[in-house]
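J.: Sending over a structure as structure tokens; questions will come in a sec.
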Amino acid sequence: MQASAANKKSMSEQPTSRITQLILLPIVTAILIGGLVLGFYAINHQALLELGDESKNRLTLFVSNLNGSLARHEYLPRLISLNSKLLNTLSYRDPVRVNVANQFLQSVVTATGASDAYLMDADGSTLAASNWQKAHSFVGKNFSFRPYFTMAIKGQPARYFALGTTSLQRGYYFSHPVNLHNEVAGVVVVKINLAEIEAAWTDRGYHFLVTDEDGIIFLSTKPEWTYKSLAEISPQRTLEIVKSRRYSDHKIEHLRVRNITALGNNLRLLGLIDKTGNTESEYLQVSREMKQAGWTVHLLSDTTSIHETLILRLTLAGFAALSVLLLISLYLVNRQRRLALQQSTLLLEKRVHKRTEELRNEIEERKKAEQTLRDTQSELIQAAKLAGLGQMSAGISHELNQPLTAIRNYSQNTQHMLERQQIEAACSNLIEIETLTKYMAGIISQLRGFSRKSTGEQSLVSIKQSAEQAISLFRAEVDKSKIQINLDIDPEITVTTDPLLLNQVLVNLLSNSIQAMQQCDTRRIDVNMKQSDSDICIRLSDTGTGISDKVIENIFDPFFTTKEVGLGLGLGLSICYRIMQSLGGRIGVANITSGGACFELYLPYE
Ligand code: ADP
């Protein structure tokens with residue numbers, strides 16, 4: 001029951017597992033591929049955001065550094081515009097005062113680390129300068145075209161970025177009006193060199209750009225980007241820039257940018273085309289305005305490292321996904337194999353179970369049949385024995401009558417002898433009587449043994465003794481019919497068998513032979529034997545009528561007899577046949593050419 005239930009379960013699981021396998025594998029593959037693609041975008045986006053955060057921090061640092069550098073010098077022009085040496089120079093313009101002013105400005109520059117400091121009159125001509133001794137001295141030069149002058153002369157402190165017209169260095173100019181008698185009489189300017197700031201921030205794996213209000217890069221940690229514009233500049237504005245000589249003779253070009261992608265949160269992705277115009281580099285851009293200076297600072301971080309990390313991560317993820325797929329496939333294949341194996345095992349178990357049941361029934365039936373056969377056989381043997389006893393009763397009676405008559409005669413004689421006091425003769429008679437009773441007891445004992453049911457116990461039997469025992473039962477008959485019995489068997493030969501059953505077979509055969517020779521002139525029975533490695537054969541032949549061909553076919557059938565009613569039951573040979581089988585042997589019959597029948601009893605020899 002259990003096996004069949006499990007079997008049914010496994011039968012239903014088999015197709016289900018195939019369907020599951022067919023559906024599950026593509027779904028898992030699609031999920032993994034989808035996961036990889038989504039993972040690519042998610043990881044990429046996350047990495048860009050992380051880089052953006054990092055960039056913002058760097059930018060903050062850079063901007064505060066830049067602000068700090070500017071702030072350090074911002075107060076200077078105002079401070080020195082009040083200096084009496086400069087005011088005197090502006091008032092009198094004599095060489096001695098100019099010289100004093102020059103030295104003063106030089107000391108200011110040395111003390112503050114500024115690039116240059118100079119004093120201009122109301123026309124924009126330089127009266128005194130810190131670099132008065134140098135070849136590119138500003139003294140005598142006119143900078144009225146510079147916006148920092150035009151604004152300051154109007155009374156407004158100004159700051160301005162430009163290339164130095166003589167030094168061609170990028171400088172940041174702080175200007176302040178110089179008042180004489182409450183009027184703007186000149187302008188004092190402090191210039192700082194931005195190239196130093198730039199140098200301090202190069203070679204850091206990322207790039208800083210500082211653009212002016214027109215989007216022109218005037219400060220960059222990547223030299224080739226300097227004087228390029230990030231935004232388009234109108235022709236009119238270009239003319240103005242040229243006129244201001246802010247960037248000297250540098251031609252302002254548009255920085256070649258493509259694929260600008262806004263990532264939000266002030267982050268942009270830029271594709272920059274390098275000098276050769278072939279290779280495109282991708283940068284993450286983050287920008288911040290420096291309102292006071294009118295600048296915008298940009299930080300550009302190369303995304304190559306992100307892509308490399310991404311490719312590495314995706315390769316690892318791909319391997320992991322492939323491993324997962326492989327494991328799932330192995331699991332499914334293994335599961336299907338296991339189910340198939342389970343199914344065949346259950347099928348086999350079911351068959352074995354069924355066959356065992358059948359065999360058990362067969363064994364049960366066979367045992368019953370054997371028991372029935374044994375019972376029948378035992379009944380038949382007993383019936384045949386009783387029948388045999390009946391047949392032998394005449395002989396037995398005769399055999400017992402003779403000693404009885406003799407005992408009666410001896411008793412009568414003994415009585416007379418005792419009356420006559422012939423004690424010795426009486427004793428001799430009593431001894432004769434004792435001998436006769438012993439003889440009779442022997443006959444009765446043999447008959448009892450013959451009629452007793454076999455116990456089925458086997459013992460070592462002397463074949464000669466067994467034959468002699470059987471023959472002795474027919475002594476009266478043999479004597480009466482003048483039958484010659486030749487017993488030619490080695491007394492040493494023994495066989496392990498049931499002695500009672502062997503005796504019964506021999507008695508049956510002797511009885512038949514004696515009957516078959518009744519009408520014959522020569523009456524002889526030969527009992528001998530032959531031996532082989534595997535068995536012993538007891539041969540019993542007579543000089544009787546022999547057995548006709550018709551009779552010999554059915555001779556071992558039960559109730560087959562040729563004898564008249566009351567003389568034979570037809571059971572003797574059929575019982576012999578079964579007894580020999582039960583003893584593990586067999587019985588055979590043949591006619592002798594000289595006349596008579598010969599029976600052979602084969603017994604297994606051990
Ligand atoms: P029953 O002796 O009661 O007839 P058996 O089975 O012993 O039954 O014998 C069957 C028949 O076999 C006999 O009726 C007889 O015809 C034949 N038969 C048996 N032994 C001999 C023999 N030694 N010679 C000739 N015929 C025999």
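The values are calculated or read from the model by the stated rules, or taken from the named source; none is laboratory data. These figures come from a predicted structure and were not determined experimentally. We place every Cβ from the backbone using ideal geometry, glycine too, and count neighbours over all the protein chains shown. When the accessible area is computed, the model is the full protein with side chains, heavy atoms only, and any ligands, DNA or RNA have been set aside. Shrake-Rupley method; radii C 1.70, N 1.55, O 1.52, S 1.80 Å.
J.: Stretch Ser248-Leu404 to full length: gain in nm at 0.36 nm per residue minus the Cα-Cα span?
T.: Between Ser248 and Leu404, full extension yields an extra 38.6 nm.
J.: Here's something else I'd like to know. HN-Hα J couplings of segment 187-196 from phi, Karplus 6.51/-1.76/1.60, θ = phi - 60°, integer Hz, Gly and Pro as x?
T.: Per residue, the Karplus-derived 3J(HN,Hα) values read 9, 10, 10, 10, 10, 10, 8, 6, 4, 5 Hz.
J.: Then there is this: With θ set to phi - 60°, apply the Karplus curve 6.51 cos²θ - 1.76 cosθ + 1.60 along segment 163-175 and write out the HN-Hα couplings as whole Hz, x wherever there is a Gly or Pro.
T.: 7, x, 5, 9, 7, 6, 9, 6, x, 10, 10, 10, 10
J.: Hey, can you grab everything whose amide H is under 5 Å from the amide H of Ser248? Only 5+ residues off in sequence or another chain; H modelled, so Pro and N-termini drop out.
T.: Residues meeting the criterion, in which the H sits 1.01 Å from N, are Leu163.
J.: Moving on. Indicate the helices, whole DSSP H runs only, in the chain that combine a mean Kyte-Doolittle hydropathy of -0.5 or more with a Cα extent along their long axis of 27 angstrom or more.
T.: Membrane-span-like by this criterion, though nothing is claimed about a membrane: 2-81, 304-419, 423-451.
J.: About its Cα centre, how strong a charge dipole does the chain have in debye, to the nearest 20, once Lys and Arg get +1 and Asp and Glu get -1 at the Cβ?
T.: Using Cβ point charges on Lys, Arg, Asp and Glu, the chain gives about 3480 debye.
J.: May I pose another question? What do you reckon, how do Leu418, Leu473 stack up by accessible area (1.4 Å probe), largest on top?
T.: In descending accessible area the options line up as Leu418, Leu473.
J.: What is the Cα convex hull volume of segment 39-139 when expressed per residue in Å³?
T.: Spelled out: Cα convex hull of segment 39-139, divided by residues, is 141 Å³.
J.: So, one more: Can you give the three extents of the C-alpha atoms in the chain along their principal axes, from longest to shortest, in whole Å?
T.: The Cα atoms of the chain stretch 216, 57, 40 Å along their principal axes.
J.: Quick one: grab the alpha carbon gyration tensor of segment 220-374, order the square roots of its eigenvalues as a ≥ b ≥ c, and give me rounded if a/c is under 1.5, else prolate or oblate depending on whether a/b is larger than b/c.
T.: Verdict is prolate for segment 220-374.
J.: Let me ask something else. Give me the Å³ per residue figure for the convex hull around the C-alpha atoms of segment 307-372.
T.: In segment 307-372, the Cα convex hull volume per residue is 41 Å³.
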